[in-house]
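Right, one structure below, let's go through it.
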Amino acid sequence: MEQLSLFGVTSDLKVKKKEENWLLIDGNNLLNRCYYATAHSPRGLMQAPDGRYTNGIFGFLRMMLTYEKTYQARAVVMFDDGKSYRKKVYPAYKDGRSESPEELKEQFPLLEEILKHANVPVFKNSEFEADDLIASFAEQVEGKVYILSNDRDTYQLITDRVSVIVRKAKVDVVMTPDNFGEEYPGLKPRQIVDVKAIAGDSSDNIPGIPGIGDKGALSLLQTFGTVEELIVAVDFPKTLNRYKVKVAEGRDKAVFFKTLTTLHRDIPISIPVQYMNPLKLRESCQVLSMNGIISLL
């Protein structure tokens with residue numbers, strides 16, 4: 001089976017209507033997390049017998065298999081592929097991020113090779129980011145969807161059917177509409193794009209409206225609801241009046257950044273019919289001496 005991509009899906013795939021659970025993995029996000037979780041181990045980075053580094057891959061596969069089993073879900077992995085259209089329309093997008101070490105970079109193609117060999121679907125596209133692919137996939141399938149990603153952008157996808165598994169204080173938390181509301185009182189998950197448009201997001205180099213942080217954004221949205229309603233508001237409560245000038249000066253930026261951070265949900269995707277082949281995954285793990293993964297199969 002050839003690797004899947006959004007506009008190069010193998011022709012023998014057909015849409016599967018059966019309702020089932022899905023585990024949608026942000027491949028770049030999770031591999032980075034797993035690499036850095038053990039990057040400073042006293043024993044050094046995990047390596048295969050031939051010297052290839054595997055510490056990030058080991059953690060990735062362990063989490064994938066654990067959550068597949070926990071939720072009886074089919075894993076699908078989305079990767080970033082290039083800089084995406086966001087970099088074209090906003091050249092400063094994600095500027096300031098440090099260069100990945102070579103020991104991490106070389107694990108990406110190896111991980112994709114392992115997933116492909118094991119029949120785990122992989123999606124990537126140079127125009128869109130992994131989050132956009134996840135959003136479109138979640139929109140088009142039936143059944144429960146669990147998104148494995150620490151990217152706050154995915155919060156906008158949370159519904160009664162779609163949850164996001166994030167790492168908080170060294171434990172994984174399943175974000176639902178209920179606990180999203182606890183973290184962002186009075187807001188719905190879809191309003192996370194309004195929060196980022198106003199308060200900004202340093203991880204993506206999005207400044208938002210200068211002088212307004214998360215607390216101010218939350219207060220403004222609790223009152224006005226959306227960026228669009230905020231920028232046309234004339235009367236501000238006394239408690240929020242100090243933001244009126246800042247909003248007036250940053251209104252165009254806020255609208256642009258909301259558009260930039262809103263995920264695409266309409267990218268055409270063919271839902272794969274193949275299931276993971278544990279025997280093939282075992283083969284790859286044996287070659288790489290990842291016995292801890294073999295024990296999970």
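The values are calculated or read from the model by the stated rules, or taken from the named source; none is laboratory data. Predicted, not measured: the structure shown is a model, and the values here were computed from it. Cβ: placed from backbone, ideal geometry, glycine included. Neighbour counts: every protein chain shown.
Taken over the range 30-57, the criterion of being buried (at least 21 other Cβ atoms within 10 Å of the Cβ) and hydrophobic (A, V, I, L, M, F, W, C) is satisfied by Leu30, Leu31, Cys34, Ile57.
Residue pairs whose Cβ atoms lie under 9 Å apart, sitting 6 or more positions apart in sequence or on different chains, and linking a residue in the range 268-297 that is farther than 19 Å from Tyr53 by Cβ to a partner that is among the polar types (S, T, N, Q) and in a helix (DSSP H, G or I), are Pro268/Ser136; Pro268/Gln140; Ile269/Ser136; Ile269/Gln140; Ile271/Gln140; Leu296/Thr66. Within the range 164-182, restricting attention to residues that are of a type in the set (D, E, K, R) and in contact with a helix residue (DSSP H, G or I) (Cβ under 9 Å, 6 or more places away or on another chain), which residue is nearest to Thr38 (Cα to Cα)? Residue satisfying both the conditions and the ranking: Arg167. I'd like the residue in the range 200-226 that is of a type in the set (Gly, Ala, Ser) and more than 20 Å from the chain's Cα centre (by Cα) and, out of all such residues, is surrounded by the most Cβ atoms within 10 Å (Cβ to Cβ). Residue satisfying both the conditions and the ranking: Ala217. Each residue in the range 156-199 was checked for being surrounded by fewer than 18 Cβ atoms within 10 Å (Cβ to Cβ) and in contact (Cβ under 8 Å) with a residue 24 or more places away in the chain, and 6 of them qualify.
Against the conditions (1) among the hydrophobic types (A, V, I, L, M, F, W, C); (2) in contact with a Gly (Cβ under 8 Å, 6 or more places away or on another chain); (3) more than 21 Å from Val89 (Cβ to Cβ), Phe224 satisfies every one except (2). Evaluate the range 10-23: report whether one residue or more is part of a helix (DSSP H, G or I), within 18 Å of the chain's Cα centre (by Cα) and in contact (Cβ under 8 Å) with a residue 40 or more places away in the chain. No, the range 10-23 contains no residue that is part of a helix (DSSP H, G or I), within 18 Å of the chain's Cα centre (by Cα) and in contact (Cβ under 8 Å) with a residue 40 or more places away in the chain. Within this structure, Glu68 fails the test of being in a helix (DSSP H, G or I), in the same structural domain as Ile271 (by TED's automatic domain parsing), over 16 Å from the mean Cα position of the chain (by Cα) and surrounded by fewer than 18 Cβ atoms within 10 Å (Cβ to Cβ). Looking only at the range 238-269, residues that are surrounded by fewer than 17 Cβ atoms within 10 Å (Cβ to Cβ) and closer than 30 Å to Trp22 by Cβ come to 5 in all.
Exactly one residue out of Arg86, Arg43 is modelled with pLDDT of 95 or more and either over 20 Å from Leu296 (Cβ atoms) or assigned to a helix (DSSP H, G or I) (or both): that is Arg86. Report yes if some residue within the range 10-22 is of a type in the set (A, V, I, L, M, F, W, C) and at pLDDT 90 or above; otherwise report no. Yes, some residue in the range 10-22 is of a type in the set (A, V, I, L, M, F, W, C) and at pLDDT 90 or above.
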